[in-house]
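The values are calculated or read from the model by the stated rules, or taken from the named source; none is laboratory data. Model, not experiment: these values are computed from the prediction. Virtual Cβ from ideal backbone geometry, glycine too; neighbours counted across all protein chains shown.
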Amino acid sequence: MRTFAAVMTFTAALSGIAGVAAPPVSAQPDPGVQPVGDVAPAPGGAVPSGPPGTVVTPDGWELTVSARDESQVAVAPLTTALSSREYLVAATFVGSIAGAGGSPLSGGTLEVGYQIGCGISLNVVKLNGSIGITPSVTPTGLGNTRLPVTAQIEVFPQPGEIINVQLLQKDFTGTDPRVTVKDVHVKIDGCIGQSFLRSYAVLTSSTETADDIVAYYGVPKVV
């Protein structure tokens, strides 16, 4: 595991009482990310949908789950942190149960959300520091005390991970569930590498004796 260290050194001059002033820190968002106030919902953020997920159950039911009208826009996070990722998303997710199954249907669920893949996760940050005392004498005989403060930040990056952000799990009793998402923000923290975003939907159909599951995954978008 590699360790990356960023060293910050600053000196505070004291007369009687010691005090250390922290240097100003810039928190400007990435210029390549669209500010929240300037975001327009599609067509600029329109993305293609993946192929529907389909399955024929052992008792004869035909399950299908798909998405349409998808859009995804990367926006500046409200925290302005460079390690945060935030997206404005929209889509319509549709499930369908057809056929003439041998067991009566008793309902099911339609879960929708997004998967965010982060290339490098910022998991551990360690701060090390030291303070020294340097006395001095001026020509007038008055003494000043300077405190050199050295701070070292150690960043321990971890292998990338995939985060599931569930937006909704819809319970239904019919055969054609639908969930529409419009201008919803999804966000993760602690990501310092390249990120990927894709939608997902999971349709579950239930009978008295079985549960059947089929999933849909959207086209991954590099953001």
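Of the residues screened, N123 is one that is closer than 23 Å to K187 by Cβ and either assigned to a strand (DSSP E or B) or at pLDDT 95 or above (or both). Give me the residue from the stretch 193-209 that is surrounded by fewer than 19 Cβ atoms within 10 Å (Cβ to Cβ) and either under 19 Å from I97 (Cβ atoms) or not basic (K, R) (or both) and, out of that set, modelled with the highest pLDDT. That would be S206. Within the stretch 95-110, being out of contact with any Gly (no Cβ under 7 Å at 6 or more places or on another chain), surrounded by fewer than 21 Cβ atoms within 10 Å (Cβ to Cβ) and assigned to a strand (DSSP E or B) holds for S96, A98, L105, S106, G107, T109. Might you let me know whether the stretch 73-85 holds any residue that is over 30 Å from D171 (Cβ atoms), touching a helix residue (DSSP H, G or I) at 6+ places or on another chain (Cβ under 7 Å) and either modelled with pLDDT of 95 or more or not in a loop (DSSP other than H, G, I, E, B) (or both)? Scanning the stretch 73-85 turns up at least one residue that is over 30 Å from D171 (Cβ atoms), touching a helix residue (DSSP H, G or I) at 6+ places or on another chain (Cβ under 7 Å) and either modelled with pLDDT of 95 or more or not in a loop (DSSP other than H, G, I, E, B) (or both).
To keep it simple, each residue is scored yes or no on (1) closer than 30 Å to A81 by Cβ; (2) modelled with pLDDT under 90; (3) surrounded by 14 or more Cβ atoms within 10 Å (Cβ to Cβ).
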{"residue": "G119", "(1), (2), (3)": "yes, yes, yes"}
{"residue": "G143", "(1), (2), (3)": "no, yes, no"}
{"residue": "Q166", "(1), (2), (3)": "yes, no, no"}
{"residue": "K170", "(1), (2), (3)": "no, no, yes"}
{"residue": "G190", "(1), (2), (3)": "yes, yes, yes"}
{"residue": "D211", "(1), (2), (3)": "no, no, no"}
{"residue": "V214", "(1), (2), (3)": "no, no, yes"}
{"residue": "V223", "(1), (2), (3)": "yes, yes, yes"}
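Whenever a residue of the stretch 201-218 is closer than 26 Å to P48 by Cα, its partners that are part of a loop (DSSP other than H, G, I, E, B) and not small (G, A, S), lying with C-beta atoms within less than 8 angstrom and at least six residues away or across chains, give the pairs L203/P177; Y216/P52; G218/V47. Among the residues making up the stretch 51-72, those that are among the β-branched types (V, I, T) and either in contact with a Leu (Cβ under 6 Å, 6 or more places away or on another chain) or assigned to a strand (DSSP E or B) (or both) are T54, V55, V56, T64, V65.
Report yes if some residue within the stretch 53-65 is more than 23 Å from D171 (Cβ to Cβ), crowded, with 16+ Cβ neighbours inside 10 Å and touching a Phe, Trp or Tyr at 6+ places or on another chain (Cβ under 7 Å); otherwise report no. No, the conditions are met nowhere in the stretch 53-65.
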